[in-house]
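The numbers here are math on the coordinates, done by the rules we state, and not lab data. What you are looking at is a predicted structure, and each value in this text was computed from that prediction instead of being measured. Cβ atoms come from the backbone with ideal geometry, glycine included; neighbour counts cover every protein chain shown.
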C-alpha cells in the first residue's frame, strides 16, 4: 500500500534551543511531504511554534503541566554538587518517563521513523524496541567519544601529550560517576524494553545516520567518527527566527551584541558587568536577555552602559552587524556568530558551553573568560582584543565558509530520508 510521505517522531530534551534546531529539520521534511510530530511532556508544547509541526503530549501524570519551568530553573542554576545531582535526576526522570510512554505513543501515531536527539536516550531506546529506524541528531556538541578527547561538558583544551590525555581520561571517569543516576535508568529501561543493555548517551546512537550541527573545522581533531556521521552545520529555517527590527546602529562606533541564551538570560550581575565593560570602551551594546530580566533590572543594565536592551533581538541580523559578540557559548549562537564572521567573547556557564568555549579558542575565532569571576575590567580587556585585532578574521573567514557550505537543514533532511529509506512525498509500505 502506498502512502504520501512518512511520519517522523522527534524526541529531544525539553529545551528551547534543541526544539528550535530540530524544528528547522522538521520543516525541511514537512516541505518534502512528510509529517513530523514532537513527543514530550505537556509543557514542551510551548517550544513548538509552527502550526505545521505536530505535538503529542505524554507523561502528564509524572510530569504535569506547570512542572517544566522548575526543572529549567534548576538546570540553568544548578549551584553546588547537590543542585547538580538534582539536575541529573531530572534528566533521568525525563528519560524514564519517555521510555514508559513512547512505545504506546509511537504506535498510536503510526510513526514510521524517529529523529532522536543525542541528549535524550529515550528516543533511540524506544525506536529500537519498536523496530523503527532512527537517526541521531547532535543539537549540542556531539557526545561521540574517543580516547583522549575531552567531553563536551569539560573546559579543557585539546592536546595529545600525556598530561592532556590523562586529564581527559580522569575527567571522563568523574563525569561517568556523576551521571550514575542517569546511567542506571538507561540500563533498566533497556532491559524492560527487551533490547541490548546500554548505559551512557554515546552508547545510544543510531547505526544508520548521525547528524551534527558542528563542522569538522569547529571541533577538536577526531579520528574515530563512524562513517555514517555527518557534519551539516547549523539547522535553521527562515520562518523560525524573530522578526523584530535591529536598532539603528551608529556606523562610526563599534557595536557589541550580548546574549546569554534562553536559559541564562536572568544573570543580571553578569549583564551589568558586560554593560560596564562596554561603557569603559565607549562602544554601543545591544543586550538580549530572552525575558530573563525584570524591567527594573533591565533599566539598571542600561544605566550601567547598555545602549539598547530587549527580551529578544533578531540574532542573525545583530551578529551580522556586530563587531563582537558576548555569548554563553551555546552552540546555536556560536555557529551563527561564525557564519557572520563575528569574533566571540565566550562566558560559558553550563551544559556543553565549556566545551564549546574551548573549541572557540582552539579554532582561533574568539576568547574565553569566566562568567563568574571576570570583572568589568577583564571583560573590557578581552573585548578590546576582539575589536582592535585582526588576528581572528582569517580563521573566522575559513570557518564561516565551512559553516555556510555544510548543507544545514536541507542536507540533514536528505540524510534522514536516505537513512530510513523514504522518498520525498511518498514511500512504499508493505
(request) Quote the FRET efficiency, to the nearest 0.05, computed for residue 296 versus residue 317 with a Förster distance R0 of 25 Å and r equal to the Cβ-Cβ distance. (result) 0.35
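Given an 8 Å cut-off on Cα distances and at least 6 residues of separation, report the relative contact order of the chain as a percent.
Values: 860 pairs, mean separation 76.7, N = 430.
Worked out over the chain, it gives 18 percent.
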(message) Need one number: nm distance between label points at residue 86 and residue 388, each 7 Å from Cα along Cα→Cβ, rounded to one decimal.
(response) 4.4 nm
(request) Please work out the Cα center distance from region 57-77 to region 212-241, rounded to the nearest Å. (result) 29 Å
(request) Calculate, for residue 280 and residue 77, the FRET efficiency according to 1/(1 + (r/R0)^6) with r their C-beta to C-beta distance and R0 41 Å; round to the nearest 0.05. (result) 0.90
(message) I need the P(r) histogram for region 235-377: all alpha carbon pairs, bin width 10 Å from 0 out to the longest distance, whole percents.
(response) 12, 46, 36, 5
(message) Among 214, 49, 262, which one shows the highest mean-square fluctuation when the chain is modelled as a Gaussian network with alpha-carbon springs under 10 Å?
(response) 49
(message) Between residue 222 and residue 52, what's the calculated FRET efficiency when r is the beta-carbon distance and R0 is 30 Å? Round to 0.05.
(response) 0.30
(request) Please give the helix 295-304 orientation as an angle from the longest Cα principal axis of the chain, in degrees from 0 to 90, rounded to the nearest 10. (result) 40 degrees
(message) Between helix 353-363 and the chain, what is the angle of the helix's C-alpha long axis to the longest principal axis, kept within 0 to 90° and rounded to the nearest 10?
(response) 70 degrees
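Using the reciprocal of the averaged 1/r over all distinct C-alpha pairs, how large is the Kirkwood radius of region 72-225 in Å?
Working: mean 1/r = 0.0599 Å⁻¹.
About 16.7 Å for region 72-225.
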(message) Normalised radius of gyration for region 312-425, please: alpha carbon Rg relative to 2.2 N^0.38 Å, two decimal places.
(response) 1.23
(request) For residue 146 and residue 110, compute 0.36 nm times the residue count separating them, minus their Cα-Cα distance, and round to one decimal in nm. (result) 9.3 nm
(message) When a/c reaches 1.5 or more, the comparison of a/b and b/c decides; with that in mind, is region 184-275 rounded, prolate or oblate per its Cα gyration tensor?
(response) prolate
(message) With the alpha-carbon atoms as the only input, what is the per residue convex hull volume for region 50-143 in Å³?
(response) 132 Å³
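I need the fraction of alpha carbon pairs in region 255-310 separated by more than 17 Å, rounded to a whole percent.
21 percent
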(message) Translational diffusion coefficient of region 334-378 at 4 °C, 1.567 mPa s, Stokes-Einstein with Kirkwood Rh over Cα pairs, in µm²/s as a whole number.
(response) 119 µm²/s
(message) Please compute one quarter of the surface area of the Cα convex hull for region 193-232 and express it in square nanometres.
(response) 3.8 nm²
(request) Please state, to two decimals, what the Cα-based radius of gyration of region 308-357 comes to when divided by 2.2 N^0.38 Å (N = residues). (result) 1.09
(message) Quick check on the chain: helices-only [θ] at 222 nm, where DSSP H runs of length 4 and up contribute -39,500 (n - 2.57) each and the sum goes over total residues. Nearest 500, please.
(response) -13500 deg cm²/dmol
(message) Just to be sure I understand, if you calculate Cα extents along the principal axes in Å for this structure, which of (i) 76, 62, 40; (ii) 67, 47, 42; (iii) 70, 53, 40 do you get?
(response) (ii)
(message) If you consider only alpha-carbon coordinates, what radius of gyration and Dmax does region 145-230 have, in Å?
(response) 14.8, 43
(request) Would you mind telling me which residue in 270, 98, 82 has the biggest mean-square fluctuation in a Gaussian network model of the chain, where springs connect alpha carbons within a distance under 10 angstrom? (result) 82
(request) May I ask for the angle, rounded to the nearest 10°, between helix 81-108 and the longest principal axis of the chain, with both axes built from Cα atoms and the value confined to 0 to 90°? (result) 40 degrees
